[in-house]
Every structure is written in C-alpha cells, then in structure tokens.
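J.: Structure below; questions to follow.
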C-alpha cells in the first residue's frame, strides 16, 4: 500500500537521522517499525480491562494549555492520585500517577493526546494487583 503524510520537515529530518543511525535499510522499513511500536503502545490501553495503576508523562507549552491541563486532571480526579510538574524553558514536563478503572485512565490519556500544544503522552501501566500479590507471596 502506498500512502502520503503531511509531516513537518524538521520531524522528517530527525526521523531520517535516527533510522539511518540504527541501520534500517529504508525509510519505509523504519516507518513500519514506528507504526508497529505505536500500535503496541496504544493497544496496551485498548486490550486491558479492570483496575490498573499507571504513570502518565507528557510535555506541553505552558502558556498554551495550562488551564486546560488542570481542568482535565480535575475532571479525572477519581483516577488521578498525584502529579508533579517541572519547567524546561517554555515547555513543561508533567507526571501524573493514576489508579482505577482502565476506561477512566484511557479517557484521561486520550484527552491529553487531543491538544496540539501537548507534544507527547507516554504511559506505563501495571494491571490489577499482580505487582502487589508478588510481594505478598515472598514470605
């Protein structure tokens, strides 16, 4: 299948440097790999059910969306346990610790991803009580 995308030149240049330095044979091969990673990282939310613990990390331009970011976190207070925030020039890095139903965590993550001024949203998940059960069985 052939397709085309509108991507900023700077993003393509950076992508090209990375895939070439990693030894991919072509941009197409690197794009397929990137798409697979995207699918895997998003499937983690869509294929889960029940209770999860999660850390959501994202960066954004402070002045563009800070009020919206606070509103989103308040709207999802049933799953947001804590957050931390650091400044780096015009950009901010936010870490949000969550626990609760996976559908509520997914709603939070998808709302954060819906802002142009939010550059990246990364997620780390722990399902149910599996991590805690392991420690309880250590005797």
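The values are calculated or read from the model by the stated rules, or taken from the named source; none is laboratory data. All values derive from a computational prediction rather than experimental measurement. Reconstructed Cβ throughout: ideal geometry from the backbone, glycine too, with neighbour counts over all protein chains shown.
J.: Looking at the stretch 106-136, which of its residues are surrounded by 12 or more Cβ atoms within 10 Å (Cβ to Cβ) and either part of a helix (DSSP H, G or I) or at pLDDT below 75 (or both)?
T.: Matches in the stretch 106-136: 106, 107, 108, 109, 110, 111, 112, 127, 128, 129.
J.: If we scan the stretch 37-52, do we find a residue that is surrounded by 10 or more Cβ atoms within 10 Å (Cβ to Cβ) and either at pLDDT 95 or above or on the phi > 0 side of the Ramachandran plot (or both)?
T.: For the stretch 37-52, residues surrounded by 10 or more Cβ atoms within 10 Å (Cβ to Cβ) and either at pLDDT 95 or above or on the phi > 0 side of the Ramachandran plot (or both): present.
J.: Here is a further query. Out of the residues in the stretch 57-73 that are without any contact (Cβ under 8 Å) to a residue 60 or more places away in the chain and assigned to a strand (DSSP E or B), which is surrounded by the most Cβ atoms within 10 Å (Cβ to Cβ)?
T.: So in the stretch 57-73, the residues without any contact (Cβ under 8 Å) to a residue 60 or more places away in the chain come out as 60-73.
In the following step, the residues that additionally are assigned to a strand (DSSP E or B) were identified as 60-61.
Details: 60: 23, 61: 16.
If we take residues in the stretch 57-73 being without any contact (Cβ under 8 Å) to a residue 60 or more places away in the chain and assigned to a strand (DSSP E or B), then 60 is surrounded by the most Cβ atoms within 10 Å (Cβ to Cβ).
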